[in-house]
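Throughout, read-outs are computed from the coordinates displayed, never taken from laboratory work. Keep in mind that what you see is a predicted model, and the values were worked out from it rather than measured. Reconstructed Cβ throughout: ideal geometry from the backbone, glycine too, with neighbour counts over all protein chains shown.
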Amino acid sequence: MRTAKVHIGSEQISVRVKELASYLNDHLAGSVGALELLGHWAKLYEGKPLRYFFMDIEAEIRVDQEKLRKAMRSIRIEESNVRKAGAWFAEKAGRARFMTAGGEPGSVGLVLTFEGLIMGITGKKLMWRALAAANLAQLDGYDFDELQRRAEQQIERIDAERMRAILETFAGTHRLH
């Protein structure tokens, strides 16, 4: 069983890399699914301002995904292609659910998409917090507080759009995006 060194106070203990690899690969897979979903919605909103919102969030998640990949390489954790493929497939299945709920402004599909993104980014924020708490020597150069703040800002931005979508969907105020 491979282990990584963790510092807790002045003590050094070992962490089971298999569990850490599983945990980080789950988060990496989640980012793959989120990027697929965001790309789909950006295309769906071609020519509308909401497209640029989806593209901005997509770009931010790509940066975060690369930070996660770099962290995994630092710990010598390999990416799981099986998990990434599973996330890709799950996104396609989930997209079908969102589309049956509607993909246009004023549809519940958009609300569900925003809520799914918020859940995923909340998980990412908690992952950064967990890595900070694990205090892995290989990740000493990472600013986990900043990564958590970045995730929180993404959540706030998506929630603002979610609230607009809720108003359009449930309150009957139809504004163009």
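Distance cut-off 21 Å, Cα to Cα: go down the list K43/K124; K43/K70; K70/K125; K48/K125 and report the pairs above it.
K43/K124; K43/K70; K48/K125
Any chance you could run the full-extension gain for T122 through D26? It's 0.36 nm times the residue separation minus the Cα-Cα distance, nm to one decimal.
So the extension gain works out to 33.2 nm.
In nm, to one decimal, how far is the modelled label at V108 from the one at A132, with both set 7 Å along Cα→Cβ?
The answer from the label model is 3.7 nm.
Hey, with R₀ at 30 Å, roughly what FRET efficiency would R76 and E152 work out to, going by the Cβ-Cβ distance, to 0.05?
In this case the efficiency is close to 0.50.
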